[in-house]
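J.: Here it is, the structure, as structure tokens.
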């Protein structure tokens, strides 16, 4: 069994001057549609049996284009647990304006992601718990799965897999339409221990 994580394809808000997307409903752009089709073509022959996507439109559009490239017959499930952080008052704003208008909040986000909560929104810790819960369920399902999600979600999975803690949230980058494979050996059990749950 394999689990693959894909970041949604490009939106206009990913381009400079970039905006904070969070749960804002932003569609993928023309370049993003090409990225999603290319991602799908690259997955042909990988034995994908299930596609699970965040409910946000940029992820759903990416997943639908990948789905079509894989023949359009696979189960395609929408799971809100894969969504990006709900970023509250920062959503829709340019990052440059957030840095200018809320320098203290920006500093907390960059320097202490392990305790940070977006103003009027969600903490990274809460997001990580729901993303990992979805990952656990997919591991227990046993099918080779593609999870279409977001940059923040992927970085939070990395923090867990690498045992680095949320302090490492800003380490490394994700690319639009990028793909990562998750090692699934006892994955559900390890997530249960991390979340303080029983299988």
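The values are calculated or read from the model by the stated rules, or taken from the named source; none is laboratory data. Source: prediction; values computed, not measured. Neighbour counts run over all protein chains shown; Cβ positions are idealised from the backbone, glycine included.
J.: Report yes if residue 120 is touching a helix residue (DSSP H, G or I) at 6+ places or on another chain (Cβ under 9 Å), assigned to a loop (DSSP other than H, G, I, E, B) and modelled with pLDDT of 95 or more, otherwise no.
T.: For residue 120, the condition - touching a helix residue (DSSP H, G or I) at 6+ places or on another chain (Cβ under 9 Å), assigned to a loop (DSSP other than H, G, I, E, B) and modelled with pLDDT of 95 or more - is met.
J.: Select from region 94-116 the residues that are touching a strand residue (DSSP E or B) at 6+ places or on another chain (Cβ under 8 Å) and either part of a helix (DSSP H, G or I) or buried (at least 17 other Cβ atoms within 10 Å of the Cβ) (or both) and list them in ascending order.
T.: 95, 116
J.: Considering (1) within 22 Å of residue 63 (Cβ to Cβ); (2) in a helix (DSSP H, G or I); (3) over 18 Å from the mean Cα position of the chain (by Cα), say which one residue 192 fails and leave the rest.
T.: Condition not satisfied by residue 192: (1).
J.: Is there a residue being surrounded by 15 or more Cβ atoms within 10 Å (Cβ to Cβ), in contact (Cβ under 8 Å) with a residue 24 or more places away in the chain and not in a loop (DSSP other than H, G, I, E, B) anywhere in region 168-178?
T.: The answer is no, given that none of the residues of region 168-178 is surrounded by 15 or more Cβ atoms within 10 Å (Cβ to Cβ), in contact (Cβ under 8 Å) with a residue 24 or more places away in the chain and not in a loop (DSSP other than H, G, I, E, B).
J.: Within region 144-160, is even one residue buried (at least 16 other Cβ atoms within 10 Å of the Cβ) and more than 15 Å from the chain's Cα centre (by Cα)?
T.: Pass one, region 144-160, residues buried (at least 16 other Cβ atoms within 10 Å of the Cβ): 144-160.
Filter once more, keeping what is more than 15 Å from the chain's Cα centre (by Cα): 144.
Yes, some residue in region 144-160 is buried (at least 16 other Cβ atoms within 10 Å of the Cβ) and more than 15 Å from the chain's Cα centre (by Cα).
J.: Pairs, please: C-beta under 9 Å, at least 6 apart or cross-chain, first residue in contact (Cβ under 8 Å) with a residue 60 or more places away in the chain and on the phi > 0 side of the Ramachandran plot and in region 91-116, second assigned to a helix (DSSP H, G or I) and surrounded by 16 or more Cβ atoms within 10 Å (Cβ to Cβ)?
T.: Between residues of region 91-116 that are in contact (Cβ under 8 Å) with a residue 60 or more places away in the chain and on the phi > 0 side of the Ramachandran plot and residues that are assigned to a helix (DSSP H, G or I) and surrounded by 16 or more Cβ atoms within 10 Å (Cβ to Cβ), the close pairs are 92/13.
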